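To start, the structure itself, in structure tokens.
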Amino acid sequence: MPTVLEVKKPKSFAELLDVIETFQGNSQASWYRGSSDKIHKLRPSLYRHSAKNSIQDISLMETQLTTRFVQRSLPFLDRTLTNDWDKLFLMQHYGVPTRLLDWTENPFVAIYFALNGGESKKADACVWMCEPIVWNQAALAHISFKGGVLDESSQVVRTYAPGTVFNEIPMLPVMIYGTYNSPRIVAQRGGFALFGQGTDPMEKVFSEQNFPSKALVKIEISKDHVDAIRASLFRKGFTESVVFPDLDGLAKEIRREFGF
């Protein structure tokens, strides 16, 4: 039988923290992802094209996007792109569609993005919680993987490398550390799900592949509670300039404080 996704529905900031604390207490590691709408799927931007969704189209788009980015980014870079992984993480940083899906080790970062730091919400938000070690061991069970979170130097990750022929890439997404190539990713304690051939979102993989129940948990935050929980987050000092440690973040924070 498919694994049933556990869904938590806290009604306050304190209840939300209790849910996270319980998850952390039962996990070797814990990663988080915030979404401003609970219906959004755990699927990377490259796999969300409105018209091109076959694996052949996705493979071609990845090649074309990378080529275009490398060709046209050179005048704006103050360093040389060292390898294909460097290109991939830099593309993700600037919002170019890739096979990467952002996660964070910091639950407050995920809460911030879920609640969006903006005006009153019109949709229920959510925070996803993942145990990346359990996830990887389940996703790589076919090779009896017993390790933890991966990185670009891992032998397993090399089979997912940019430039690899798509039909030779494994099916299921794995959880990896990326290159900390900006102050923002350092502040946001970023990690990534690296997708392979499979186009199914992570929650469908989790259910249909019978992953352990603690590999993925969903927290839904009703739109009725978003304003109060967001206000509690800001009162704790977790504001825009913390998530975005630059002038953009400071400007966002000042605009909100003055009611713009």
Within the stretch 79-145, DSSP-loop chymotrypsin sites (Phe, Trp or Tyr not before Pro) with at most 14 other C-beta atoms within 10 Å are TYR94
Rel. contact order, % - alpha carbon contacts under 8 angstrom, at least six apart, the stretch 1-106:
37 percent
Whole-number accessible area per residue in Å² for the chain, which is evaluated in the context of all protein chains at 1.4 Å
51 Å²
If you roll a 1.4 Å probe over the stretch 1-65 with all protein chains in place, what percent of the accessible area is carbon or sulfur?
51 percent
The stretch 125-260 - percent of accessible surface contributed by carbon and sulfur, probe 1.4 Å
53 percent
In the calculated pair distance distribution of the stretch 37-146, what percentage of Cα-Cα distances lie above 24 Å?
45 percent
The chain, convex hull of Cα, quarter of hull surface, nm² -> 14.8 nm²
Test item: Cα-centred dipole of the chain, Lys/Arg +1 and Asp/Glu -1 on Cβ, debye:
320 debye
Find, among the trypsin sites (Lys or Arg not before Pro) in the stretch 1-108, those assigned to loop by DSSP (not H, G, I, E, B) with at most 16 other beta-carbon atoms within 10 angstrom.
LYS11, LYS41, ARG48, LYS52, ARG79
Here the membrane-span-like helices of the chain, with no claim about any membrane, defined by DSSP H, Cα axial extent at least 20 Å and mean Kyte-Doolittle at least -0.5, are 55-73
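So which trypsin sites (Lys or Arg not before Pro) in the stretch 121-228 end up in coil per DSSP with only 15 or fewer other C-beta atoms within 10 Å?
The qualifying sites are LYS122, LYS146.
The values are calculated or read from the model by the stated rules, or taken from the named source; none is laboratory data. The shown structure was predicted, so the numbers you read here are calculated from the model rather than taken from an experiment. Cβ: placed from backbone, ideal geometry, glycine included. Neighbour counts: every protein chain shown. Each accessible area value is taken on the protein alone, full model and side chains, heavy atoms only, with ligands, DNA and RNA left out. Shrake-Rupley method; radii C 1.70, N 1.55, O 1.52, S 1.80 Å.
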